[in-house]
1. Name the residue, out of R61, R71, that is under 20 Å from A275 (Cα atoms) and surrounded by fewer than 22 Cβ atoms within 10 Å (Cβ to Cβ).
2. Return the pair list, or none, for Cβ contacts closer than 8 Å from residues in the stretch 176-194 that are outside any loop (DSSP other than H, G, I, E, B) to residues that are surrounded by fewer than 18 Cβ atoms within 10 Å (Cβ to Cβ) and not hydrophobic (A, V, I, L, M, F, W, C), at least 6 apart or on different chains.
3. Taking the stated definitions as given, is P74 part of a loop (DSSP other than H, G, I, E, B) and at pLDDT 60 or above?
4. Just to be sure, is A267 in contact with a Leu (Cβ under 6 Å, 6 or more places away or on another chain), part of a helix (DSSP H, G or I), modelled with pLDDT of 95 or more and under 27 Å from A301 (Cβ atoms)?
5. Taking the stretch 400-410 on its own, how many of its residues are surrounded by 15 or more Cβ atoms within 10 Å (Cβ to Cβ) and either outside any helix (DSSP H, G or I) or in contact with a Gly (Cβ under 7 Å, 6 or more places away or on another chain) (or both)?
6. Out of all the residues in the stretch 340-359, which are farther than 21 Å from N290 by Cα and either assigned to a helix (DSSP H, G or I) or in contact with a Pro (Cβ under 9 Å, 6 or more places away or on another chain) (or both)?
7. Pairs please, first residue from the stretch 373-392 and closer than 15 Å to A406 by Cβ, second anywhere and hydroxyl-bearing (S, T, Y) and in a helix (DSSP H, G or I), Cβ atoms under 6 Å, 6+ apart in sequence or on different chains.
Amino acid sequence: MKRPYRTLIITLCIGLVCLVSAASVAATIPPQQPPAPVSPPPEDNLARTGFDHFYNLDYERAIRDFENDLRAHPDDSFAINHLLTARLFHELYGMGVLDTAYYSNNSFLSQPHRKPDPKEQQQIKQLINSALKLEDDRLEHDSKDVNTLYARGVTRGLRATYTALVERSWFAALRSALGARRDHQRVLELAPAYTDAKMVVGIHNYVVGSLPWGVKVAVAVVGIGGSKKKGIEYLYDVANCSACQASADAKVVLGLFLRREGRYPEALEIMRSLAQRYPRNVLFALEEPNILRTMGKNQEAATAYRRIFEGGRQGRFNGHYELAAYSLGEMLRAQKDYQGAAEAYNLVDTVRGPDPEVQQRANLAAGELYDLMKKRDLALKKYQTVIAEDSATQPAELARKHIKEAYHAD
């Protein structure tokens with residue numbers, strides 16, 4: 001059973017990264033338990049403005065709003081989840097793991113990223129523990145408290161995301177992920193019209209349904225089942241629900257899953273709607289050219305990458321818009337347009353305060369292309385720059401290798 005469980009863990013972790021802000025669908029007022037709730041209680045003004053900042057990648061302002069809201073509602077697990085969401089995804093963004101291009105296949109599992117901030121890790125863990133204690137205490141008195149079941153599922157989902165992507169502890173992440181699914185499945189049993197709860201259940205249905213047949217049979221023995229079709233249907237239910245607070249989150253998940261399924265026009269439509277709704281989020285904007293590139297529409301993708309980069313120069317985006325230049329370089333390199341690709345990579349150096357990981361990868365790639373174009377002097381300068389930026393990274397190791405021997409394409 002060792003290999004089936006490893007496959008399950010890997011596949012579930014792809015789904016975990018899609019819990020982009022499941023906690024956003026929770027209230028910041030003490031929940032009032034109606035006979036059959038159909039959605040989480042409404043968000044208050046601070047929660048709404050906080051999540052507007054959050055979805056536009058303005059994490060610092062989102063965190064301030066959620067901290068203020070938590071001070072006003074210290075015994076509300078939903079308010080804790082809000083702050084947990086913002087802190088967790090601020091840290092994930094800083095680590096460089098929120099670009100969905102990493103999750104189009106399983107290679108993200110072995111890719112090195114920047115280490116998390118230990119102080120931030122401690123704060124995230126404290127928020128997780130505080131929320132779970134509050135939720136467990138309430139459910140001990142009323143096991144059918146639907147809003148609290150929903151909130152605990154959110155907390156468990158966020159803990160799974162943290163455990164997988166920050167601590168990279170796959171079995172612990174799997175346990176939390178399955179706990180989140182059980183909580184939200186129970187919500188749907190008690191209140192079938194509680195559509196927001198379909199998001200986590202839908203994610204897990206799709207992920208488990210994506211496993212090879214032999215692995216599905218193995219994990220079904222321990223009660224883990226799933227259906228890709230049902231998963232996508234559930235996610236569409238949430239995405240298309242105008243009254244659902246998880247609608248945006250479901251669209252993010254659908255964008256990734258539909259892309260993995262090769263349903264590119266649907267994924268493109270969804271991601272364009274998100275980019276329009278949250279115009280300062282550069283990651284949402286980048287999904288359009290990323291999908292166009294996968295569709296083979298390279299000219300349209302190149303135009304979109306350049307438009308995003310220019311928009312970033314003009315201050316239209318929050319986030320590292322130099323990703324547009326780097327992605328353009330990657331696309332042109334694959335087309336063997338080495339000169340155009342090198343020029344695109346070099347644009348990263350023109351950005352003020354670029355992501356250091358992206359900058360280093362871009363300089364290494366430019367150096368390799370100069371070697372391929374027999375411009376050894378330019379290549380050596382790029383390799384020296386890579387080492388000067390951070391000598392302890394994998395790109396720096398490759399740069400030292402290329403200094404000794406010119407890069408040759410495989």
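1. On the way: R71 fails: under 20 Å from A275 (Cα atoms).
Criteria check complete, one pass: R61.
2. So the pair list comes out as L190/K144.
3. Values: part of a loop (DSSP other than H, G, I, E, B): yes; at pLDDT 60 or above: yes.
Here the answer is yes, as P74 does meet what is asked.
4. So A267 fits the description; yes.
5. Within the stretch 400-410, the subset surrounded by 15 or more Cβ atoms within 10 Å (Cβ to Cβ) is 402-403, 406-407.
Then keep just the ones that are either outside any helix (DSSP H, G or I) or in contact with a Gly (Cβ under 7 Å, 6 or more places away or on another chain) (or both); that gives 402, 406-407.
Residues in the stretch 400-410 being surrounded by 15 or more Cβ atoms within 10 Å (Cβ to Cβ) and either outside any helix (DSSP H, G or I) or in contact with a Gly (Cβ under 7 Å, 6 or more places away or on another chain) (or both): 3 in total.
6. Listed by number, the residues that qualify are D349, T350, P356.
7. Pairs that qualify, where the first residue is closer than 15 Å to A406 by Cβ and the partner is hydroxyl-bearing (S, T, Y) and in a helix (DSSP H, G or I), are M373/Y338; L378/Y370; A379/Y370.
Residue-by-condition table, conditions (1) under 21 Å from A304 (Cβ atoms); (2) surrounded by fewer than 21 Cβ atoms within 10 Å (Cβ to Cβ):
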residue: E343; (1), (2): yes, yes
residue: L364; (1), (2): no, no
residue: Y370; (1), (2): no, no
residue: D377; (1), (2): no, yes
residue: L380; (1), (2): no, yes
residue: Y383; (1), (2): no, no
residue: A396; (1), (2): no, yes
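The values are calculated or read from the model by the stated rules, or taken from the named source; none is laboratory data. For clarity, every value in this text was computed on a predicted model and none was experimentally measured. Positions of Cβ are backbone-derived with ideal geometry, glycine not excepted, and every protein chain shown enters the neighbour counts.
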